[in-house]
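Okay, structure first, notes after.
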Amino acid sequence: MMYRDRKPGDMNEGKWLGAGGKIEPGETADECNAREVLEETGLKLRSAHFYGIIRFRADKYEDEDMYLYSSDDFEPADEEACRIYRETGRYDPPACSEGRLEWIPKNKVPDLPLWEGDRAFIARILEGCKKISMTLSYSGDSCTVIEE
């Protein structure tokens with residue numbers, strides 16, 4: 001998870017988020033996921049699970065759709081970090097310009113400062129759901145969750 005505290009004017013400042021970003025022209029959602037994880041964490045995904053699309057609708061932010069993924073099948077892209085990871089299972093995330101990266105136990109994620117809507121899809125992941133589709137409708141910071 002990343003604690004967003006380094007990007008000036010960041011709407012996510014003070015919140016914890018997973019790695020992610022915008023799809024570039026000509027890029028698929030899978031390719032974007034792999035690229036963003038690599039750029040933000042230094043981890044190369046070997047595979048990832050796609051849950052579905054989360055639609056964010058808001059009165060004060062731009063609407064966007066998020067392709068929701070998770071993975072436990074990765075390795076550090078850096079050769080020395082990869083060697084250490086294979087020998088010890090330990091990986092220290094690199095510095096990131098957007099925030100502080102930290103390994104958080106799954107059961108502790110709901111205790112973090114999160115967007116209200118993020119709590120909804122994170123709860124579904126922690127419940128073991130394999131397919132998740134929802135719209136998160138924000139009015140200010142208050143969120144209405146519409147599961148589909």
Built amide H within the under 5 Å cut-off of F56, gap 5+: E64, D65, M66, L136
Cleavage-rule hits, GluC sites (Glu not before Pro), region 1-48, DSSP coil, Cβ neighbours within 10 Å at most 15: E13, E27
Trypsin sites (Lys or Arg not before Pro) restricted to DSSP loop in region 36-123 with at most 14 other C-beta within 10 Å: K60, R90
For Y51, distant residues with modelled amide H under 5 Å away: L68, Y69, S70
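Which chymotrypsin sites (Phe, Trp or Tyr not before Pro) from region 37-132 combine a DSSP loop assignment with at most 10 other Cβ atoms within 10 Å?
Working: sites: F50, Y51, F56, Y61, Y67, Y69, F74, Y85, Y91, W103, W115, F121; in loops: Y61, Y91, W103, W115.
Here the chymotrypsin sites (Phe, Trp or Tyr not before Pro) that fit, given the DSSP loop and packing criteria, are Y61, W103.
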Derived scalar couplings ³J(HN,Hα) [region 25-36; Karplus, 6.51 cos²θ - 1.76 cosθ + 1.60; whole Hz; x for Gly, Pro]: x, x, 9, 7, 4, 4, 5, 4, 4, 4, 5, 5
For region 77-87, Karplus couplings with θ = phi - 60° (6.51, -1.76, 1.60), whole Hz, Gly/Pro x: 6, 5, 4, 5, 5, 5, 4, 5, 4, 5, 7
Equivalent-ellipsoid semi-axes of the chain, from the Cα gyration tensor, Å, largest first: 26, 17, 16
Dipole of the chain [Lys/Arg +1, Asp/Glu -1 at C-beta], most positive-end residue of S137, G89, P76: G89
Extended-chain gain in nm, criterion 0.36 nm per residue less alpha-carbon gap, T28 and S71: 13.8 nm
Distance from region 5-56 to region 62-100 (C-alpha centre basis), Å: 11
Mean separation of Cα contacts under 8 Å (6+ apart) over length of region 2-147, as relative contact order %: 26
Length gained when the stretch K108-S133 is fully extended (0.36 nm per residue, less Cα-Cα span): 6.7 nm
Whole-Hz couplings from phi, Karplus 6.51/-1.76/1.60, listed for region 65-76; x for Gly and Pro: 10, 10, 8, 8, 10, 9, 7, 10, 10, 8, 8, x
Residue list for region 104-148, given a label point 7 angstrom along the Cα-to-Cβ vector of D59 and an amide N cut-off under 16 Å: 136-145
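Bear in mind these aren't lab numbers, they're just calculated from the coordinates by the rules spelled out. Just so it is clear, the model here is predicted, and its values are computed rather than measured. Methodologically, a virtual Cβ is constructed for each residue, glycine included, from the backbone with ideal geometry; neighbour enumeration extends over all protein chains shown.
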